[in-house]
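**Q** This is the structure I want to talk about, given as C-alpha coordinates.
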Amino acid sequence: MTNRAEQLAPLAALSGVLIALQARANGELSHRLDNGIEAALVSFASGLLIIALIAVFNPKIKEGVRNLRTAVNAKSIPRWTLFAGMLGGSFVAFQTSVVPLVGVAVYSVASIAGQTASSLVVDRIGLTGGGKKHITPRRVFAALVTVIAVLVSVFDRIEASNLSFIAVAGAGLAGAIVGFQRALNGQINEMSKQSFTTSLLNFIMGTTFLTILLTALVLINHVKLAPLPTGPWWIYTGGVIGVVYIAFTSTIVQHLGVLNFTLFSTGGTLFGSLLIDFYSPSEGVHVSGYLVAGLILTYLGVIVGGVGSSRMPRLLRR
(Lines give C-alpha, C1' and ligand atoms only; values in the text may rest on other atoms or scores of the structure.)
Protein backbone atom coordinates (compact mmCIF):
# COMPACT_ATOMS: atom_id res chain seq x y z
CA MET A 1 0.00 0.00 0.00
CA THR A 2 0.99 3.62 -0.43
CA ASN A 3 1.70 5.78 2.63
CA ARG A 4 -1.67 7.47 2.11
CA ALA A 5 -3.50 4.14 2.12
CA GLU A 6 -1.62 2.97 5.22
CA GLN A 7 -2.72 6.13 7.03
CA LEU A 8 -6.36 5.52 6.07
CA ALA A 9 -6.42 1.85 7.08
CA PRO A 10 -7.26 2.55 10.78
CA LEU A 11 -10.17 4.74 9.67
CA ALA A 12 -11.45 1.87 7.55
CA ALA A 13 -11.39 -0.33 10.66
CA LEU A 14 -13.19 2.38 12.64
CA SER A 15 -15.90 2.54 9.98
CA GLY A 16 -16.47 -1.17 10.61
CA VAL A 17 -17.06 -0.46 14.31
CA LEU A 18 -19.59 2.20 13.29
CA ILE A 19 -21.51 -0.37 11.24
CA ALA A 20 -21.82 -2.64 14.29
CA LEU A 21 -23.01 0.26 16.46
CA GLN A 22 -25.52 1.36 13.84
CA ALA A 23 -26.86 -2.18 13.52
CA ARG A 24 -27.43 -2.37 17.29
CA ALA A 25 -29.19 1.01 17.41
CA ASN A 26 -31.37 0.47 14.34
CA GLY A 27 -32.16 -3.11 15.33
CA GLU A 28 -33.37 -2.06 18.76
CA LEU A 29 -35.48 0.73 17.24
CA SER A 30 -37.01 -1.79 14.83
CA HIS A 31 -37.75 -4.16 17.70
CA ARG A 32 -39.55 -1.45 19.68
CA LEU A 33 -41.52 -0.24 16.64
CA ASP A 34 -42.13 -3.77 15.32
CA ASN A 35 -41.61 -2.26 11.87
CA GLY A 36 -38.22 -2.52 10.16
CA ILE A 37 -39.03 -0.17 7.27
CA GLU A 38 -40.33 2.55 9.59
CA ALA A 39 -37.20 2.19 11.72
CA ALA A 40 -35.03 2.49 8.60
CA LEU A 41 -36.89 5.65 7.56
CA VAL A 42 -36.48 7.20 11.02
CA SER A 43 -32.75 6.45 10.87
CA PHE A 44 -32.32 7.90 7.37
CA ALA A 45 -34.54 10.92 7.96
CA SER A 46 -32.65 11.85 11.13
CA GLY A 47 -29.38 11.55 9.23
CA LEU A 48 -30.78 13.75 6.45
CA LEU A 49 -31.83 16.39 8.98
CA ILE A 50 -28.33 16.46 10.48
CA ILE A 51 -26.45 16.66 7.20
CA ALA A 52 -28.90 19.29 5.86
CA LEU A 53 -28.25 21.51 8.90
CA ILE A 54 -24.51 21.08 8.37
CA ALA A 55 -24.91 22.02 4.71
CA VAL A 56 -26.61 25.31 5.60
CA PHE A 57 -23.51 26.50 7.46
CA ASN A 58 -20.84 24.74 5.38
CA PRO A 59 -20.03 26.40 2.04
CA LYS A 60 -17.80 23.47 1.07
CA ILE A 61 -20.83 21.18 0.83
CA LYS A 62 -22.49 23.66 -1.52
CA GLU A 63 -19.27 23.80 -3.52
CA GLY A 64 -19.37 20.01 -3.72
CA VAL A 65 -22.93 20.15 -5.07
CA ARG A 66 -21.80 22.56 -7.78
CA ASN A 67 -18.83 20.34 -8.64
CA LEU A 68 -21.12 17.34 -8.92
CA ARG A 69 -23.62 19.21 -11.09
CA THR A 70 -20.80 20.28 -13.41
CA ALA A 71 -19.53 16.69 -13.63
CA VAL A 72 -23.02 15.38 -14.48
CA ASN A 73 -23.55 18.04 -17.15
CA ALA A 74 -20.15 17.21 -18.64
CA LYS A 75 -21.06 13.50 -18.53
CA SER A 76 -17.96 12.81 -16.43
CA ILE A 77 -20.14 10.61 -14.21
CA PRO A 78 -23.27 8.67 -15.21
CA ARG A 79 -26.47 10.24 -13.91
CA TRP A 80 -27.69 6.91 -12.53
CA THR A 81 -24.71 6.83 -10.16
CA LEU A 82 -26.37 9.60 -8.14
CA PHE A 83 -29.01 7.11 -6.97
CA ALA A 84 -26.47 5.22 -4.84
CA GLY A 85 -28.30 6.41 -1.73
CA MET A 86 -31.23 4.16 -2.63
CA LEU A 87 -28.90 1.20 -2.18
CA GLY A 88 -28.10 2.62 1.25
CA GLY A 89 -31.81 2.80 2.02
CA SER A 90 -32.18 -0.85 1.02
CA PHE A 91 -29.22 -1.79 3.22
CA VAL A 92 -30.69 -0.11 6.30
CA ALA A 93 -34.10 -1.67 5.58
CA PHE A 94 -32.48 -5.13 5.62
CA GLN A 95 -30.44 -4.19 8.68
CA THR A 96 -33.41 -3.08 10.76
CA SER A 97 -35.44 -6.14 9.76
CA VAL A 98 -32.76 -8.79 10.29
CA VAL A 99 -30.90 -7.67 13.45
CA PRO A 100 -33.88 -8.22 15.79
CA LEU A 101 -34.14 -11.79 14.45
CA VAL A 102 -30.51 -12.93 14.60
CA GLY A 103 -28.59 -10.35 16.65
CA VAL A 104 -25.74 -7.97 15.82
CA ALA A 105 -22.96 -10.55 15.57
CA VAL A 106 -24.76 -12.95 13.25
CA TYR A 107 -26.03 -10.09 11.11
CA SER A 108 -22.58 -8.52 10.94
CA VAL A 109 -20.74 -11.61 9.85
CA ALA A 110 -23.37 -12.61 7.28
CA SER A 111 -23.37 -9.13 5.76
CA ILE A 112 -19.56 -9.14 5.71
CA ALA A 113 -19.61 -12.30 3.62
CA GLY A 114 -21.85 -10.51 1.11
CA GLN A 115 -19.61 -7.44 1.12
CA THR A 116 -16.50 -9.52 0.49
CA ALA A 117 -18.04 -11.31 -2.48
CA SER A 118 -19.37 -8.13 -4.08
CA SER A 119 -16.08 -6.30 -3.43
CA LEU A 120 -14.22 -8.67 -5.74
CA VAL A 121 -16.72 -7.89 -8.50
CA VAL A 122 -16.78 -4.10 -8.16
CA ASP A 123 -12.99 -3.92 -7.95
CA ARG A 124 -12.68 -6.06 -11.08
CA ILE A 125 -15.02 -3.91 -13.16
CA GLY A 126 -13.51 -0.70 -11.79
CA LEU A 127 -16.78 0.61 -10.39
CA THR A 128 -15.00 2.77 -7.79
CA GLY A 129 -13.58 5.01 -10.48
CA GLY A 130 -10.02 4.26 -9.38
CA GLY A 131 -9.31 1.76 -12.14
CA LYS A 132 -9.81 -1.99 -12.44
CA LYS A 133 -8.13 -4.41 -10.05
CA HIS A 134 -7.41 -7.96 -11.18
CA ILE A 135 -8.94 -10.91 -9.37
CA THR A 136 -5.74 -12.78 -8.50
CA PRO A 137 -5.57 -16.10 -6.60
CA ARG A 138 -4.21 -14.22 -3.57
CA ARG A 139 -7.15 -11.81 -3.52
CA VAL A 140 -9.65 -14.66 -3.90
CA PHE A 141 -7.95 -16.61 -1.09
CA ALA A 142 -8.01 -13.54 1.14
CA ALA A 143 -11.73 -13.16 0.51
CA LEU A 144 -12.30 -16.85 1.26
CA VAL A 145 -10.41 -16.54 4.54
CA THR A 146 -12.67 -13.65 5.48
CA VAL A 147 -15.81 -15.63 4.66
CA ILE A 148 -14.49 -18.58 6.70
CA ALA A 149 -13.79 -16.18 9.54
CA VAL A 150 -17.35 -14.96 9.64
CA LEU A 151 -18.65 -18.53 9.57
CA VAL A 152 -16.40 -19.51 12.48
CA SER A 153 -17.54 -16.51 14.49
CA VAL A 154 -21.17 -17.71 14.41
CA PHE A 155 -20.47 -21.44 14.57
CA ASP A 156 -21.99 -21.81 18.04
CA ARG A 157 -25.14 -19.95 16.94
CA ILE A 158 -26.01 -22.04 13.89
CA GLU A 159 -28.37 -24.27 15.87
CA ALA A 160 -30.09 -21.33 17.55
CA SER A 161 -33.86 -21.40 17.10
CA ASN A 162 -33.99 -17.82 15.83
CA LEU A 163 -31.28 -18.29 13.20
CA SER A 164 -33.49 -18.44 10.13
CA PHE A 165 -31.93 -19.12 6.74
CA ILE A 166 -33.96 -16.35 5.08
CA ALA A 167 -32.81 -13.78 7.65
CA VAL A 168 -29.15 -14.72 7.26
CA ALA A 169 -29.50 -14.70 3.46
CA GLY A 170 -31.04 -11.24 3.75
CA ALA A 171 -28.03 -10.08 5.78
CA GLY A 172 -25.73 -11.43 3.07
CA LEU A 173 -27.70 -9.58 0.40
CA ALA A 174 -27.50 -6.40 2.47
CA GLY A 175 -23.72 -6.77 2.54
CA ALA A 176 -23.56 -7.23 -1.22
CA ILE A 177 -25.66 -4.08 -1.67
CA VAL A 178 -23.40 -1.97 0.53
CA GLY A 179 -20.34 -3.19 -1.42
CA PHE A 180 -21.79 -1.71 -4.61
CA GLN A 181 -22.91 1.44 -2.79
CA ARG A 182 -19.37 2.07 -1.53
CA ALA A 183 -18.04 1.84 -5.05
CA LEU A 184 -20.61 4.29 -6.44
CA ASN A 185 -19.98 6.67 -3.55
CA GLY A 186 -16.30 6.58 -4.44
CA GLN A 187 -17.17 7.88 -7.90
CA ILE A 188 -19.49 10.55 -6.53
CA ASN A 189 -16.91 11.71 -4.02
CA GLU A 190 -14.25 11.91 -6.70
CA MET A 191 -16.42 14.35 -8.65
CA SER A 192 -17.85 16.35 -5.75
CA LYS A 193 -14.48 16.54 -3.94
CA GLN A 194 -16.47 16.90 -0.70
CA SER A 195 -17.30 13.80 1.33
CA PHE A 196 -20.21 15.44 3.16
CA THR A 197 -21.76 16.34 -0.20
CA THR A 198 -21.74 12.64 -0.94
CA SER A 199 -23.43 12.03 2.43
CA LEU A 200 -26.09 14.66 1.70
CA LEU A 201 -26.92 13.11 -1.67
CA ASN A 202 -27.05 9.62 -0.15
CA PHE A 203 -29.44 10.64 2.59
CA ILE A 204 -31.72 12.51 0.18
CA MET A 205 -31.98 9.48 -2.11
CA GLY A 206 -32.23 6.95 0.72
CA THR A 207 -34.93 8.90 2.58
CA THR A 208 -36.91 9.37 -0.63
CA PHE A 209 -36.71 5.65 -1.42
CA LEU A 210 -37.77 4.57 2.07
CA THR A 211 -40.61 7.12 2.19
CA ILE A 212 -42.03 5.78 -1.08
CA LEU A 213 -41.59 2.17 0.06
CA LEU A 214 -43.20 2.70 3.47
CA THR A 215 -46.08 4.70 1.96
CA ALA A 216 -46.76 1.91 -0.53
CA LEU A 217 -46.71 -0.75 2.22
CA VAL A 218 -49.11 1.28 4.38
CA LEU A 219 -51.50 1.86 1.45
CA ILE A 220 -51.73 -1.86 0.71
CA ASN A 221 -52.24 -2.51 4.44
CA HIS A 222 -49.08 -4.60 4.65
CA VAL A 223 -47.70 -2.64 7.62
CA LYS A 224 -49.02 -0.14 10.15
CA LEU A 225 -47.21 2.91 11.49
CA ALA A 226 -46.31 2.84 15.17
CA PRO A 227 -45.66 5.77 17.54
CA LEU A 228 -42.00 6.46 18.19
CA PRO A 229 -40.70 5.09 21.51
CA THR A 230 -39.51 7.59 24.13
CA GLY A 231 -36.16 5.87 24.67
CA PRO A 232 -33.51 4.85 25.33
CA TRP A 233 -31.78 7.74 23.56
CA TRP A 234 -29.19 5.61 21.73
CA ILE A 235 -31.76 3.89 19.52
CA TYR A 236 -31.95 7.16 17.57
CA THR A 237 -28.21 7.40 16.83
CA GLY A 238 -28.34 5.34 13.61
CA GLY A 239 -28.70 8.43 11.40
CA VAL A 240 -25.77 10.24 13.03
CA ILE A 241 -23.59 7.17 12.61
CA GLY A 242 -24.66 6.92 8.98
CA VAL A 243 -23.59 10.51 8.25
CA VAL A 244 -20.10 9.90 9.63
CA TYR A 245 -19.84 6.46 8.02
CA ILE A 246 -20.67 7.59 4.48
CA ALA A 247 -18.28 10.53 4.75
CA PHE A 248 -15.53 8.12 5.85
CA THR A 249 -16.11 5.43 3.25
CA SER A 250 -16.61 7.69 0.23
CA THR A 251 -13.10 9.06 0.78
CA ILE A 252 -11.24 5.96 1.98
CA VAL A 253 -12.50 3.54 -0.66
CA GLN A 254 -10.87 5.57 -3.46
CA HIS A 255 -7.41 4.93 -1.97
CA LEU A 256 -7.79 1.41 -0.59
CA GLY A 257 -10.09 -0.18 -3.17
CA VAL A 258 -13.33 -1.87 -2.16
CA LEU A 259 -11.83 -5.29 -1.33
CA ASN A 260 -9.01 -3.89 0.86
CA PHE A 261 -11.45 -1.53 2.53
CA THR A 262 -13.81 -4.43 3.20
CA LEU A 263 -11.05 -6.53 4.74
CA PHE A 264 -10.03 -3.76 7.15
CA SER A 265 -13.59 -2.76 8.02
CA THR A 266 -14.45 -6.44 8.58
CA GLY A 267 -12.03 -6.53 11.50
CA GLY A 268 -13.59 -3.36 12.89
CA THR A 269 -17.11 -4.74 12.54
CA LEU A 270 -16.27 -8.02 14.27
CA PHE A 271 -14.43 -6.19 17.05
CA GLY A 272 -17.36 -3.80 17.45
CA SER A 273 -19.78 -6.74 17.54
CA LEU A 274 -17.62 -8.35 20.22
CA LEU A 275 -17.78 -5.22 22.38
CA ILE A 276 -21.52 -4.83 21.86
CA ASP A 277 -22.24 -8.45 22.73
CA PHE A 278 -20.07 -8.11 25.83
CA TYR A 279 -21.25 -4.74 27.17
CA SER A 280 -24.76 -4.40 25.72
CA PRO A 281 -25.96 -7.80 24.49
CA SER A 282 -29.33 -8.51 22.97
CA GLU A 283 -31.48 -11.12 24.68
CA GLY A 284 -29.90 -14.57 24.45
CA VAL A 285 -26.58 -13.31 23.06
CA HIS A 286 -23.23 -14.09 24.67
CA VAL A 287 -19.55 -13.64 23.81
CA SER A 288 -17.97 -16.90 22.69
CA GLY A 289 -14.55 -18.16 21.71
CA TYR A 290 -15.84 -18.64 18.18
CA LEU A 291 -16.45 -14.91 17.75
CA VAL A 292 -12.94 -14.14 19.03
CA ALA A 293 -11.49 -16.78 16.69
CA GLY A 294 -13.40 -15.22 13.80
CA LEU A 295 -11.89 -11.84 14.60
CA ILE A 296 -8.37 -13.31 14.52
CA LEU A 297 -9.06 -15.13 11.24
CA THR A 298 -10.35 -11.92 9.72
CA TYR A 299 -7.05 -10.14 10.31
CA LEU A 300 -5.29 -13.18 8.87
CA GLY A 301 -7.35 -12.52 5.76
CA VAL A 302 -6.09 -8.92 5.76
CA ILE A 303 -2.47 -10.13 5.90
CA VAL A 304 -3.01 -12.74 3.16
CA GLY A 305 -4.65 -10.05 1.06
CA GLY A 306 -1.41 -8.10 1.03
CA VAL A 307 -2.84 -4.99 2.66
CA GLY A 308 -1.06 -5.27 5.97
CA SER A 309 2.51 -4.29 5.16
CA SER A 310 4.70 -3.44 2.21
CA ARG A 311 7.41 -5.59 3.78
CA MET A 312 5.49 -8.87 3.78
CA PRO A 313 7.19 -11.97 2.31
CA ARG A 314 7.46 -11.97 -1.43
CA LEU A 315 5.36 -15.13 -1.80
CA LEU A 316 2.36 -13.25 -0.36
CA ARG A 317 2.68 -10.34 -2.79
CA ARG A 318 0.85 -10.11 -6.07
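**Q** Give segment 172-186 a look and list any residue that's modelled with pLDDT of 85 or more and in contact with a Phe, Trp or Tyr (Cβ under 9 Å, 6 or more places away or on another chain), or say none.
**A** Leu173, Ala174, Gly175, Ile177, Gln181, Leu184
**Q** A further question follows. Do you know which of the residues in segment 31-81 that are charged (D, E, K, R) and assigned to a helix (DSSP H, G or I) is nearest to Thr96 (Cα to Cα)?
**A** My answer is Glu38.
Residue-by-condition table, conditions (1) over 30 Å from Ser280 (Cα atoms); (2) surrounded by fewer than 15 Cβ atoms within 10 Å (Cβ to Cβ); (3) polar (S, T, N, Q):
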| site | (1), (2), (3) |
| --- | --- |
| Leu8 | no, no, no |
| Ala13 | no, no, no |
| Gly27 | no, no, no |
| His31 | no, no, no |
| Asn35 | no, no, yes |
| Ala39 | no, no, no |
| Ala52 | yes, yes, no |
| Ala71 | yes, no, no |
| Trp80 | yes, yes, no |
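**Q** Now a separate question. Out of the residues in segment 248-273 that are of a type in the set (Phe, Trp, Tyr) and surrounded by fewer than 24 Cβ atoms within 10 Å (Cβ to Cβ), which is modelled with the highest pLDDT?
**A** Among those residues, the one meeting the criterion is Phe271.
**Q** Write out, first by first residue and then by second, each pair whose Cβ atoms fall under 9 Å of each other, whose residues are 6+ apart or on separate chains, and whose first residue, in segment 150-169, is among the acidic types (Asp, Glu) while the second is at pLDDT 75 or above.
**A** Asp156/Ser288; Asp156/Gly289; Asp156/Tyr290
**Q** Under the condition of being in a helix (DSSP H, G or I) and of a type in the set (S, T, N, Q), which residue from segment 211-238 is surrounded by the fewest Cβ atoms within 10 Å (Cβ to Cβ)?
**A** Residue satisfying both the conditions and the ranking: Thr215.
**Q** Can you name the residue in segment 280-289 that is more than 20 Å from Ser30 (Cα to Cα) and at pLDDT below 80 and is also surrounded by the fewest Cβ atoms within 10 Å (Cβ to Cβ) among such residues?
**A** His286
**Q** Considering only residues that are among the polar types (S, T, N, Q) and under 26 Å from the mean Cα position of the chain (by Cα), which ones fall in segment 58-75?
**A** Of everything in segment 58-75, those that are among the polar types (S, T, N, Q) and under 26 Å from the mean Cα position of the chain (by Cα) turn out to be Asn58, Asn67.
**Q** Please go through segment 103-126 and pick out each residue that is β-branched (Val, Ile, Thr) and buried (at least 24 other Cβ atoms within 10 Å of the Cβ).
**A** Val104, Val106, Val109, Ile112, Thr116, Val122 - these are the residues of segment 103-126 that are β-branched (Val, Ile, Thr) and buried (at least 24 other Cβ atoms within 10 Å of the Cβ).
**Q** Quick one: in segment 189-199, which of the residues that are hydroxyl-bearing (Ser, Thr, Tyr) and farther than 20 Å from Gln95 by Cα is surrounded by the fewest Cβ atoms within 10 Å (Cβ to Cβ)?
**A** Ser195
**Q** On the given criteria, is Asn26 more than 18 Å from Thr251 (Cα to Cα) and out of contact with any Gly (no Cβ under 9 Å at 6 or more places or on another chain)?
**A** no
**Q** Name the residue, out of Val109, Val104, Val65, that is more than 14 Å from Ala23 (Cβ to Cβ) and out of contact with any strand residue (DSSP E or B) (no Cβ under 6 Å at 6 or more places or on another chain).
**A** After ruling out the rest, the residue left standing is Val65.
**Q** Can you find even one residue in segment 200-210 that is in contact with a Pro (Cβ under 8 Å, 6 or more places away or on another chain), surrounded by fewer than 24 Cβ atoms within 10 Å (Cβ to Cβ) and either part of a helix (DSSP H, G or I) or modelled with pLDDT under 85 (or both)?
**A** For segment 200-210, residues in contact with a Pro (Cβ under 8 Å, 6 or more places away or on another chain), surrounded by fewer than 24 Cβ atoms within 10 Å (Cβ to Cβ) and either part of a helix (DSSP H, G or I) or modelled with pLDDT under 85 (or both): absent.
The values are calculated or read from the model by the stated rules, or taken from the named source; none is laboratory data. Only a predicted model underlies this, so the values are computations on that prediction, with no experimental measurement involved. Because the Cβ atoms are built from the backbone with ideal geometry, glycine has one as well, and the counts that use them run over all protein chains shown.
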